[in-house]
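The values are calculated or read from the model by the stated rules, or taken from the named source; none is laboratory data. Just so it is clear, the model here is predicted, and its values are computed rather than measured. Note that we place each Cβ from the backbone using ideal geometry, even for glycine, and neighbour counts take in every protein chain shown. Accessible surface is based on the protein model in full, side chains and every heavy atom, while ligands, DNA and RNA are left aside. Shrake-Rupley method; radii C 1.70, N 1.55, O 1.52, S 1.80 Å.
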Amino acid sequence: MTPDELDGRIGEGWGGVKPNGSHVNVVLARRGSATAAAAIGMFAHPSPGHTPVLVCVGPEEASYEPVWPPTLMMNKATARDERHETMTWGAAQLGIGQGVLDAVADGLLEATGDVIVLVAVWVDPNANDETAVRLANRAAVRKAIGTCVEGRDPKAAQRLVAERDSLRNPFYSGGLDG
């Protein structure tokens, strides 16, 4: 697909098992588009506990290099302590980078600067296994990019419409009447 065709595509993915599982939302943006401007604008608006970063990899800070296509990540769960920060900006960042590179290896994206990948990531504040968090993010990002590029199965959307009155959410404990 061309960068114009990818601009504004949205996907989501879950990987792993709580508390070391992770949920991501991904938006693809063509360089120079309004979508890219909005994504890059988040760098100018950090807030306490939420730090946008350009996803980089390397064995130490001096050898960091960004994954390509350029990938911006923003945490959805407020980082409150050093352990959660390490899980988010260490394990999750590395997994996100690997998931993007998996999508490149699989032919879904090209390793150019023409498309920017925006990832909003939720890492459980109770996460305790860095490797599991990394692997969860890798799987979640690859899944989300797959949805962005390949689209969603129309039968899944039809199933949701058919089941709309009985749908559940793990964060909702109310009844389904009405």
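The HN-Hα couplings worked out from phi for segment 140-154 by the Karplus form 6.51 cos²θ - 1.76 cosθ + 1.60 (θ = phi - 60°) are 5, 5, 4, 4, 5, 5, x, 5, 4, 7, 8, x, 9, 5, x Hz, whole numbers, x standing for Gly and Pro.
The residues of segment 8-83 expose on average 54 square angstrom of accessible surface per residue, using a 1.4 Å probe on protein heavy atoms. Around residue 94, with a cut-off of 10 angstrom between Cβ atoms, what is the net charge of the other residues, counting Lys and Arg +1 and Asp and Glu -1? Taking every Cβ under 10 Å from that of residue 94, the sum is +1. Computed extension length for residue 45-residue 162: 38.1 nm, one decimal, from 0.36 nm per residue of separation with the Cα-Cα distance subtracted. Counting only lysines at least 8 places from residue 76 when in the same chain, those with an alpha carbon closer than 29 Å to its own are 18, 143.
The phi-based Karplus calculation (6.51 cos²θ - 1.76 cosθ + 1.60; θ = phi - 60°) puts the 3J(HN,Hα) values of segment 72-87 at 9, 10, 9, 7, 8, 8, 4, 6, 10, 8, 4, 4, 5, 4, 5, 5 Hz, whole numbers, x for Gly and Pro.
The sum of -39500 (n - 2.57) across all DSSP H runs of n ≥ 4, divided by the residue count of the chain, sets its helix-only mean residue ellipticity at 222 nm to -10000 deg cm²/dmol. Inter-part distance, segment 123-178 to segment 1-79, computed on C-alpha centroids, equals 18 Å. Under a model in which nothing but the beta-carbon of Lys, Arg (+1) and Asp, Glu (-1) is charged, the chain shows a dipole of about 440 debye around its Cα centre. Rounded if a/c is under 1.5, else prolate if a/b beats b/c, else oblate: with a ≥ b ≥ c from the C-alpha gyration tensor eigenvalues square-rooted, which is segment 73-150? Since a/c reaches 1.5 and a/b is larger than b/c, the shape of segment 73-150 is classed as prolate.
Over the chain, what relative contact order in percent results from Cα pairs under 8 Å that are six or more residues apart? Walk me through the numbers on the way to the answer.
Working: 347 pairs, mean separation 59.4, N = 178.
This gives 33 percent for the chain.
Taking all protein chains as they are arranged and a probe of 1.4 Å, the heavy atoms of residue 173 leave approximately 120 Å² accessible to solvent. As a calculated quantity, the FRET efficiency between residue 18 and residue 114 at R0 = 35 Å, using C-beta atoms, amounts to about 0.45.
When the solvent-accessible surface of protein heavy atoms is calculated with a 1.4 angstrom probe, in what order do 129, 165 fall, highest first?
Solvent-accessible surface, decreasing: 165, 129.
Since only 100, 70, 44 are under comparison, the one whose Cα sits farthest along the positive direction of the charge dipole of segment 29-106, derived from C-beta charges on Lys, Arg, Asp and Glu, is 44.
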